[in-house]
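Working notes, beginning with the structure itself.
Values in this text are rule-based calculations from the coordinates and carry no lab data. It should be emphasised that the depicted structure is a prediction, and the values quoted were computed from it without experimental measurement. Neighbour counts run over all protein chains shown; Cβ positions are idealised from the backbone, glycine included.
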Amino acid sequence: QVQFVESGGGLVQAGGSLRLSCAPSRSTFNPNGIGWYRQAPGKLRELVAAISGAGITNYADSVKGRFTISDYDAKNTAYLQMNSLKPEDTAVYYCNTDPPFEFYWGQGTQVTVSS
């Protein structure tokens, strides 16, 4: 079974930047597009950004103008560039397909933004 592996999270001050990476656990799996999701404690997991295999992007209103999503590159790694981070961006970030497939969820990567 395939799971996505996320990395790049960490602790950053408000206004800072992070770049998250996403790769399937099996390199032979080449998803068509990607969705990035986040979940804070006590809240529902929400889609924050997505890009289709055709290059069509979709961003949550809360991150428009601050986050930039890119599709999988030749190394089968996708990225989410997060700039101008705010404390409300604090969450565990996950990647998956869009729409997500239940069995693909990984452990996520923690992003903590201090005020």
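Of note:
- Modelled label reach - Ala40, point 7 Å along Cα→Cβ, the stretch 65-89 residues with backbone N closer than 15 Å: 85-89
- On full extension, the segment bounded by Arg66 and Leu47 gains 5.4 nm, given 0.36 nm per residue less the C-alpha separation.
- Semi-axis lengths, Å, the stretch 49-99, gyration tensor of Cα atoms, sqrt of 5 times eigenvalues: 20, 12, 11
- Dipole magnitude for the chain: computed about the Cα centre from +1 point charges on Lys and Arg Cβ and -1 point charges on Asp and Glu Cβ, it is near 160 debye.
- Amide H to amide H, with H built 1.01 Å from N, Lys86 comes under 5 Å of Gly15, counting only residues 5 or more places away or on other chains.
- Net charge of the neighbourhood of Thr57, taken over other residues with C-beta under 12 Å away and scored Lys/Arg +1, Asp/Glu -1, is -1.
- Amide proton proximity set for Val5, modelled H, under 5 Å, gap of 5+: Ala23, Ser25
- Per residue, the convex hull spanned by the Cα atoms of the chain amounts to 94 cubic angstrom.
- When the chain is treated as a GNM with alpha-carbon contacts under 10 Å, the residue of Ser62, Ser52, Ser70 showing the greatest mean-square fluctuation is Ser62.
- Charge dipole of the chain about the Cα centre (unit charges at C-beta), most positive-ward option of Tyr79, Phe103, Ser115: Ser115
- Unit charges at the beta carbon, dipole of the chain: most positive-side option, Pro31, Asn58, Val12: Val12
- Additional length obtainable on full extension of the chain from Val5 to Thr57, 0.36 nm per residue less Cα span: 16.6 nm
- Sum of side-chain charges, Leu18 neighbourhood, beta-carbon under 14 Å (Lys, Arg +1; Asp, Glu -1): +2
- Considering only beta bridges that DSSP places wholly inside the chain, some 90 percent are antiparallel.
- Karplus-derived HN-Hα couplings along the stretch 17-30 (A = 6.51, B = -1.76, C = 1.60, θ = phi - 60°), whole Hz, x at Gly and Pro: 9, 9, 10, 8, 10, 9, 8, x, 5, 10, 5, 6, 8, 10
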